[in-house]
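The values are calculated or read from the model by the stated rules, or taken from the named source; none is laboratory data. A quick note: this is a predicted structure, and the numbers were derived from the prediction, not measured. Here the Cβ is made from the backbone with ideal geometry for all residues, glycine too, and neighbour counts use every protein chain on show.
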Amino acid sequence: MSAVSEANRGLKIAITGSMGSGKSAVCAIIKKAGWPLISADEIVADLYDFDTFVKTRLIEYYGKEVIEDHKVNRKVLFSYMIQNVKEKNRVEALVHPLVEKKMLEYFAKQDSILLFAEIPLLYESQWQDKFDQVWVVVADDDVRIDRLTTRRKVSKEQALALMSHQIDQLKKTELADVVIDNNGTLADLSNIVTQCLIQVSGGEENVESK
């Protein structure tokens, strides 16, 4: 059992997937069904905006230019992180333990048989062993590119560049406990996720009671 699972008896499930796969849509369905879910990205954003310890350490690393309007300037920070792996690892070594702590605290407050966390870079950060199950959301490359160009307003070339920085979808599906196909409509996705919830919760009556 993972370290996170020791926090309580709820089954810890990570939701992940590559850019444009539709992780957020899956998480919205799970939250609408009433299951507790926390977002790693939202935790990180909160740390960058409000955590004094994080901001102090980043100033020590990169100087005061990394802070703007009392918040971490993501553009400046990311410019350092993409320069070399050492800087990326240094920031992650600072932030990741705090993200896990916040996640544990959130899970410990929940009274639920299922506990979810949305973690886009789960495999890239090697966090898969912190959870009892991993659900990977997938979509065909052309579908993902269309979503990225439409919703994020980036060019096809930029979309391909962004996608290239993540682990290949096929590799993620090979490592996953559950694979959620999101090539169809939102209604199709809702049906798939509902069936997953029914299966993992032990019966339709558990989902209906949420």
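Summary table below
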{"read-out": "D69 assigned by TED's automatic domain parsing to the domain that holds M19 and of a type outside the set (K, R)", "value": "no"}
{"read-out": "Where Q110 falls short, out of the listed (1) surrounded by 16 or more Cβ atoms within 10 Å (Cβ to Cβ); (2) over 30 Å from A33 (Cβ atoms)", "value": "(2)"}
{"read-out": "Scope segment 12-34; condition assigned to a helix (DSSP H, G or I) and of a type in the set (V, I, T); matching residues", "value": "V26, I29, I30"}
{"read-out": "Residue ID - surrounded by the fewest Cβ atoms within 10 Å (Cβ to Cβ), chosen from residues in segment 85-107 that are out of contact with any strand residue (DSSP E or B) (no Cβ under 9 Å at 6 or more places or on another chain) and among the charged types (D, E, K, R)", "value": "K86"}
{"read-out": "Any hit, segment 153-170, residues being under 17 Å from K23 (Cβ atoms), of a type in the set (S, T, Y) and not assigned by TED's automatic domain parsing to the domain that holds L47", "value": "no"}
{"read-out": "Test set (1) farther than 18 Å from L115 by Cβ; (2) under 17 Å from the mean Cα position of the chain (by Cα); (3) not in a strand (DSSP E or B) - L170 fails condition number", "value": "(2)"}
{"read-out": "Residues satisfying the stated conditions in segment 1-36, i.e. within 20 Å of K109 (Cα to Cα), surrounded by fewer than 20 Cβ atoms within 10 Å (Cβ to Cβ) and at pLDDT 90 or above", "value": "L11, K31, K32, A33, G34, P36"}
{"read-out": "Pick from segment 54-84, criterion at pLDDT 95 or above, of a type in the set (D, E, K, R) and within 16 Å of V44 (Cβ to Cβ), ranking: surrounded by the most Cβ atoms within 10 Å (Cβ to Cβ)", "value": "K55"}
{"read-out": "G184 within 16 Å of S24 (Cα to Cα), modelled with pLDDT under 95 and either surrounded by fewer than 17 Cβ atoms within 10 Å (Cβ to Cβ) or of a type outside the set (G, A, S) (or both)", "value": "yes"}
{"read-out": "Cross-chain or 6+ apart pairs with Cβ under 8 Å, segment 118-135 first and on the phi < 0 side of the Ramachandran plot, then of a type in the set (S, T, Y) and assigned to a loop (DSSP other than H, G, I, E, B)", "value": "I119/S125; D129/S2; K130/S2; F131/S2; D132/S2"}
{"read-out": "Long-range neighbours under 6 Å by Cβ, at least six apart or interchain, first residue part of a helix (DSSP H, G or I) within segment 184-200, second of a type outside the set (A, V, I, L, M)", "value": "L189/N182; I198/E204"}
{"read-out": "Exclusive hit being among the acidic types (D, E) and more than 29 Å from V138 (Cα to Cα), set E87, E118, E92", "value": "E87"}
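The rows are residues; the columns are (1) more than 20 Å from L115 (Cα to Cα); (2) touching a residue at least 40 places away in the same chain (Cβ under 8 Å).
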{"site": "I15", "(1), (2)": "no, yes"}
{"site": "S79", "(1), (2)": "yes, no"}
{"site": "K86", "(1), (2)": "yes, no"}
{"site": "R90", "(1), (2)": "yes, no"}
{"site": "L94", "(1), (2)": "yes, yes"}
